[in-house]
Amino acid sequence: MNRTNEERSMLSVRDLATIGIFTAVMFALTMITGVVTGFVPVAYLLSPALFGVLAGPPFMLVVAKVRKPGCVFVPSVLIGLIWTFMGGWPVLVSMGVLGLVGEAIAVKTRYQSFAALVIVYILFVGGYYLGAIGPMYYLTDWYLSFSEGQAGYDPSFVQSVVDTAFGWASAVAIPATVAGAIVGSFFGKGLVRKHFKKAGIV
Amino acid sequence: MADEAGRAAASRAGAGIDARVKLVHVLVFGILLFVGRSGSSGAVLMATLVGFLVFVRLPKCALKLVLYYGALWLLGWVLSGSSGGGGILGTLALVVFLLRKLAPLLGLYYLFAHAIGVSELVRALSAWRFPRNVMVPLAVALRFFPTIGLEAGVIKDVLRLRGRPLTLLTLCRAPREMLEYAFVPFMMRCVQIADELSASAVARGIENPEPRTALHPLKLRARDGVYLGALAVSSAAVVACGQAL
């Protein structure tokens with residue numbers, strides 16, 4: 001039976017199951033990197049960079065295996081949605097918007113250009129950075145106002161910690177996130193080509 | 001027959017509350033967590049969350065949340081008292097403070113993961129007309145979470161048996177190799193599971209264009225109205241406490 005172009009471009013059940021499983025893996029990686037770095041606020045700023053390195057292989061495998069519209073946007077929305085169900089709604093907003101932009105770029109290049117996929121992956125990890133780290137800026141503002149009335153907190157010390165965390169650390173964290181995403185995309189491409197293409201999986 | 005079904009549903013965790021109501025609860029409290037600007041609003045949020053967890057028959061989760069929050073509060077109090085506001089202890093006090101502020105997330109996780117079953121979630125999202133392309137992978141992802149730990153554990157055991165244990169030390173010595181050894185079999189297994197799951201879903205009629213049926217159809221009842229009323233009152237209290245800084 002001949003399938004139309006429209007049917008071929010739609011996500012099949014197999015594609016959806018693949019996206020679902022690898023989304024679960026990527027979401028678990030956001031949790032693991034968050035927990036590993038979460039004990040120190042400054043290190044927590046680097047958790048998206050670590051996520052960018054580790055989530056490269058599953059992301060590149062999903063894109064290489066599915067190669068249909070939705071294979072970038074759906075995982076982005078799903079990760080945001082699961083975060084939203086646990087209270088982290090900013091992740092849905094940022095990953096949804098940047099995931100859509102990434103999907104448009106990937107569709108434009110028909111999922112063939114690796115350079116475009118690197119940009120798409122940077123947007124994907126950047127969306128996570130904006131959603132997961134962005135509220136910390138807001139919380140810090142809240143923390144400063146709250147700590148004014150608390151015993152045991154020296155306002156100048158609190159200010160210095162905040163300045164460190166959101167001054168130079170942010171200046172390091174943002175390029176580190178981009179670098180982590182680039183490293184992750186190359187790592188992912190290498191693994192997919194070396195193991196999954198040879199095995200005939202993609 | 002309907003009474004039996006109702007009783008069975010109410011006996012499960014969730015107390016028979018409609019999944020849509022619980023999802024609204026998670027979303028509203030998730031937003032309120034970032035709205036409150038005073039310590040009392042956070043405490044009110046925690047207290048009401050504990051109350052809701054008890055109501056949906058998750059007393060153990062409520063107890064864990066209370067213990068977690070209490071331990072953080074005590075630790076923060078000790079650290080802020082002994083640090084004099086600076087040094088390493090002061091930094092730790094800041095960390096503990098942020099963890100305490102985010103503690104309600106744990107309660108929301110309990111509410112989402114333990115009080116809403118995957119089938120319930122799919123029915124709720126179907127009722128909200130969520131697209132199939134989001135609903136199916138979401139259900140697959142939620143079902144797959146417990147498997148991730150099991151699969152990762154098996155791969156870790158195999159690596160140990162082959163003389164390449166996955167530890168912090170081996171990871172630091174040869175990060176690329178160790179990540180490759182861990183990622184490749186894990187992702188191969190994921191691909192295999194995706195194929196098996198899709199075959200199973202097709203066999204169960206996921207591609208059937210007819211509307212889905214349910215043994216326990218979603219229906220808003222009086223207790224859902226009471227729950228929503230309590231949610232509105234507690235949300236107003238959190239907002240009022242947040243404004244009263």
* Structure fact -> Given the conditions (1) under 26 Å from the mean Cα position of the chain (by Cα); (2) away from chain A (no Cβ under 11 Å); (3) free of Cβ contacts under 8 Å to residues at least 12 places away in the same chain, every one holds for B:R160 apart from (1)
* Quickly run through segment A:63-88 and pick out the residues that are of a type outside the set (K, R), at the interface with chain B (Cβ under 10 Å from one of its Cβ atoms) and in a helix (DSSP H, G or I). => A:F73, A:V74, A:P75, A:V77, A:L78, A:I79, A:L81, A:I82, A:W83, A:T84, A:F85
* Do we find that B:L231 is crowded, with 18+ Cβ neighbours inside 10 Å, more than 8 Å from every other protein chain (Cβ to nearest Cβ) and in a helix (DSSP H, G or I) in this structure? -> yes
* To do: Determine whether segment B:71-85 contains at least one residue that is within 8 Å of chain A (Cβ to nearest Cβ), at pLDDT below 75, farther than 22 Å from A:M86 by Cα and not in a helix (DSSP H, G or I).
  => yes
* Hits in segment A:10-26 (condition: crowded, with 23+ Cβ neighbours inside 10 Å and at the interface with chain B (Cβ under 7 Å from one of its Cβ atoms)) -> A:L16, A:A17, A:T18, A:I19, A:G20, A:I21, A:F22, A:T23, A:A24, A:V25
* Asked: Is one or more of the residues making up segment B:21-28 more than 19 Å from B:Y109 (Cβ to Cβ), among the hydrophobic types (A, V, I, L, M, F, W, C) and at pLDDT below 90?
  -> no
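Check segment B:126-142 and report whether any residue there is in contact (Cβ under 8 Å) with a residue 40 or more places away in the chain, under 22 Å from the mean Cα position of the chain (by Cα) and buried (at least 20 other Cβ atoms within 10 Å of the Cβ). Outline the logic, then answer.
Kept after step one, since they are in contact (Cβ under 8 Å) with a residue 40 or more places away in the chain, are these residues of segment B:126-142: B:126-128, B:136, B:140.
Narrowing the set further to residues that are under 22 Å from the mean Cα position of the chain (by Cα) leaves B:126-128, B:136, B:140.
This time we only want the ones that are buried (at least 20 other Cβ atoms within 10 Å of the Cβ), so: B:136, B:140.
Scanning segment B:126-142 turns up at least one residue that is in contact (Cβ under 8 Å) with a residue 40 or more places away in the chain, under 22 Å from the mean Cα position of the chain (by Cα) and buried (at least 20 other Cβ atoms within 10 Å of the Cβ).
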* Go through segment B:107-135 residue by residue and tally those that are of a type in the set (D, E, K, R) and within 11 Å of another protein chain (Cβ to nearest Cβ). => 1
* Select, from A:V53, A:V97, A:V91, the only residue that is of a type in the set (A, V, I, L, M, F, W, C), under 25 Å from B:L121 (Cα atoms), within 11 Å of chain B (Cβ to nearest Cβ) and not in a loop (DSSP other than H, G, I, E, B). => A:V91
* To do: Might you check whether a residue that is in contact with a Cys (Cβ under 6 Å, 6 or more places away or on another chain), closer than 21 Å to A:W83 by Cα and not in a loop (DSSP other than H, G, I, E, B) occurs anywhere in segment B:92-112?
  => yes
* Any hit, segment B:235-245, residues being within 20 Å of B:V54 (Cα to Cα) and not hydroxyl-bearing (S, T, Y) -> yes
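Answer with yes or no whether B:I148 is within 30 Å of A:T30 (Cβ to Cβ), modelled with pLDDT of 90 or more, under 24 Å from the mean Cα position of the chain (by Cα) and assigned to a helix (DSSP H, G or I). Give the derivation first.
On the way: within 30 Å of A:T30 (Cβ to Cβ): yes; modelled with pLDDT of 90 or more: yes; under 24 Å from the mean Cα position of the chain (by Cα): yes; assigned to a helix (DSSP H, G or I): yes.
Criteria met by B:I148.
The values are calculated or read from the model by the stated rules, or taken from the named source; none is laboratory data. On a predicted model such as this, the values are computed, not experimentally measured, just so you know. With ideal geometry, Cβ positions are generated from the backbone for all residues, glycine too; neighbour counts draw on all protein chains shown.
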